[in-house]
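*Asks:* Here it is, the structure in full.
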Amino acid sequence: MNKVLIRDTSVNTISSILEEIFDKYQIESKVKNKKVLVKPNLLGAFSPERGVTTDPRLVGEIVQRLKRYKAKEIIVGDNSGSIHFNPLKIARETGILEASGDCFQNIAGEVAEVQVRSKYLNKLIISKVFTDADYIINLPKFKTHGLVKITGAIKNMFGMIPGGKKAQLHTLTHSIREFAELLVDIYQIRIPDFNIMDAIIGMEGNGPTNGKPRMINQIICSDNGVAMDAIMTTIMGLKPSSIEMLQIAQQRGLGEIDISNIEIDGKLEIIKDFKVPGKGILHEIRRYATPYVFNYAKVKPIIDIRKCQRCYQCIKVCPTEAMQVKNSFPEANRQKCVSCFCCDEHCPYGAIILPSWTIDLINRIRGR
């Protein structure tokens, strides 16, 4: 039976929680004299209080503990969504560079080609450290996601893929379920050995970047990322069986998502009024519509010119070149847009509006 541990950071220190976690799961014996990769969520250059990236306090405590456990080599690193982002700048702004000490590395520098069991591609370029590491500690965030509803352990391993190659993968699939299937394909390339979820400051609404930070004050962990994601989903007030990524992962035998079959160590409480993206019957219609037959399943991002600082990062990360400059501001080309929402993920100013399917339908009728 999969086991998931939940601890409250409002009544326990991060250090004491990690001490208990590492003791219960006997991490010391597993990392001694081993090459260990600590894989946080480093989506972009956002300050810790935004709730976008892994809390640097968690990273720092883990690194210090691994040093005491005599790990042979400790590497902290992640790939953001674009080659246009400086890894050191991102690490500095998020506080993770300082927290990592001398262990932070730009892991995009050395890559390897791996075979992938997927109907969407046969091989893929990933950061070589994922194939070299003896032990991987995955540090996802407790966040929502505008496209696949949740960001968790499975989605965090999308960071194996360097730079712009990540954005390009969005063009291989034509529905939310297909993209979810591809995410699980990638997760299976190198399933992490242990998962510690930062649920101290979470994110609700239209994550993973421009949702609303929410204090949750929890650390959730498991040696099974799928079960941990199922617990996170339940705390959000969602049914794990409603999340395509989790459905697919369970079908492949990667973990349990029925919480009655998961051993829970700690207090599981559903957060009242937690806001998640894409609720309602019209969203369900959109989910199951097939975009290459029924194009109306897509939505066109809108630029809020009051917030836009014309940095044009959305243009740089767009895998289909749908984002273009018009009247000095970016604007999405509806015909080219595949609704991957990379623009929203990487906008540092929260200037991308992701309309509901209903509002987008009205905009289409109006010719917008």
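*Asks:* Which length gain, in nm to one decimal place, applies between residue 263 and residue 26 when the Cα-Cα distance is subtracted from 0.36 nm times their residue separation?
*Replies:* Answer, rounded to one decimal: 83.5 nm.
*Asks:* Now a separate question. When you have a sec, figure out the Kirkwood radius of the chain from all distinct Cα pair distances and drop it here in Å to one decimal?
*Replies:* That comes to 20.7 Å for the chain.
*Asks:* Just want the answer: with Cβ charges of +1 for Lys and Arg and -1 for Asp and Glu, which residue in 95, 74, 159 is farthest toward the dipole's positive end in the range 71-172?
*Replies:* Final value for the positive-end residue is 159.
*Asks:* Something else about it: Given a 10 angstrom Cα cut-off, can you work out which residue in 224, 327, 106 is the most mobile in a GNM of the chain?
*Replies:* Sorting by GNM fluctuation, first place goes to 327.
*Asks:* I would also like to ask the following. At residue 89 and residue 47, where each label point lies 7 Å from the Cα along Cα→Cβ, what is the point-to-point distance in nanometres?
*Replies:* In this crude spin-label approximation the distance works out to 1.8 nm.
*Asks:* Could I ask something else about it? Tell me the net charge near residue 125. Cut-off is 10 Å between Cβ atoms, residue 125 excluded, with +1 for each Lys or Arg and -1 for each Asp or Glu.
*Replies:* +2
*Asks:* Taking other Cβ within 10 Å of each residue's Cβ, how do 88, 97, 246 sort, fewest first?
*Replies:* Lowest to highest Cβ neighbour count: 88, 97, 246.
*Asks:* Using unit Cβ charges (K, R positive; D, E negative) and no other charged atoms, how large, in debye to the nearest 20, is the dipole of the range 102-148 about its Cα centre?
*Replies:* Values: 6 positive and 5 negative charges, 87 e Å.
I would put it at about 420 debye.
*Asks:* Among bridges DSSP assigns within the chain, what percent are antiparallel (round to 5)?
*Replies:* 60
*Asks:* With runs of 4+ DSSP H residues as the only contributors, calculate the mean residue ellipticity of the chain at 222 nm using -39,500 (n - 2.57) per run, divided by the residue total and rounded to the nearest 500. The partial results should precede the final answer.
*Replies:* On the way: 15 runs with 114 residues, N = 368.
Calculated from helices alone, the mean residue ellipticity at 222 nm is -8000 deg cm²/dmol.
*Asks:* Measuring from centroid to centroid over Cα atoms, what is the spacing of the range 20-49 and the range 158-181 in Å?
*Replies:* Cα centres, the range 20-49 to the range 158-181: 25 Å.
*Asks:* Enter the per residue convex hull volume of the range 46-132, computed from alpha-carbon coordinates, in Å³ rounded to the nearest integer.
*Replies:* Measuring per residue, one finds 125 Å³ for the Cα hull of the range 46-132.
*Asks:* Expressed in nm to one decimal, what extension gain is obtained for the pair residue 110 and residue 333 from 0.36 nm per residue of sequence separation less their Cα-Cα distance?
*Replies:* In short, 76.8 nm is gained.
*Asks:* Taking the Cα centre of the range 167-212 as origin and charging only Cβ (+1 Lys, Arg; -1 Asp, Glu), how large is the dipole, in debye to the nearest 20?
*Replies:* Rounded to the nearest 20 debye, it is 100 debye.
*Asks:* If I build a Gaussian network model for the chain, linking alpha-carbon pairs within less than 10 angstrom, which residue out of 26, 168, 324 has the largest mean-square fluctuation?
*Replies:* Among 26, 168, 324, the largest mean-square fluctuation in the Gaussian network model of the chain belongs to 26.
*Asks:* Another question, if that's okay. Please go through the range 71-124 and write out the GluC sites (Glu not before Pro) that DSSP classes as loop and that have at most 13 other C-beta atoms within 10 Å.
*Replies:* Sparse-neighbourhood loop GluC sites (Glu not before Pro): 110.
*Asks:* For residue 1 and residue 270, what does the FRET efficiency come to when R0 = 22 Å and r is the distance between their Cβ atoms, rounded to the nearest 0.05? Numbers along the way, then the final one.
*Replies:* Values: r = 22 Å, r/R0 = 0.98.
Rounded to the nearest 0.05, the efficiency is 0.55.
*Asks:* For residue 11 and residue 349, what does the FRET efficiency come to when R0 = 35 Å and r is the distance between their Cβ atoms, rounded to the nearest 0.05?
*Replies:* Plugging the Cβ-Cβ distance into 1/(1 + (r/R0)^6) gives 0.45.
*Asks:* Within 9 Å, Cβ to Cβ, of residue 116, how many net charges do the neighbouring residues add up to if Lys/Arg are +1 and Asp/Glu are -1?
*Replies:* Computed value for this residue: +1.
*Asks:* Write out the cysteines belonging to the chain for which the nearest other cysteine Cβ is not under 4.7 Å, or none if no such cysteine exists.
*Replies:* 103, 221, 308, 311, 318, 337, 340, 342, 347
*Asks:* Still on this model: Taking the Cβ of residue 226 as the center, what net charge do the other residues with Cβ under 10 Å away carry, scoring Lys and Arg +1 and Asp and Glu -1? List each step's numbers first, then the result.
*Replies:* Numbers: positive: 252; negative: 229, 256.
Net of charged neighbours comes to -1.
*Asks:* Ok, one more. If you place +1 on the Cβ of every Lys and Arg, -1 on the Cβ of every Asp and Glu, and leave all else neutral, what size is the dipole of the chain about its Cα centre, to the nearest 20 Debye?
*Replies:* The dipole of the chain has a size of about 1140 debye.
We did not get these values from a lab; they are worked out from the coordinates using the rules stated. What you see is a predicted model; the values in this text were computed from it and never measured. All Cβ positions, even for glycine, are placed from backbone atoms using ideal geometry, and neighbour counts span all protein chains on display.
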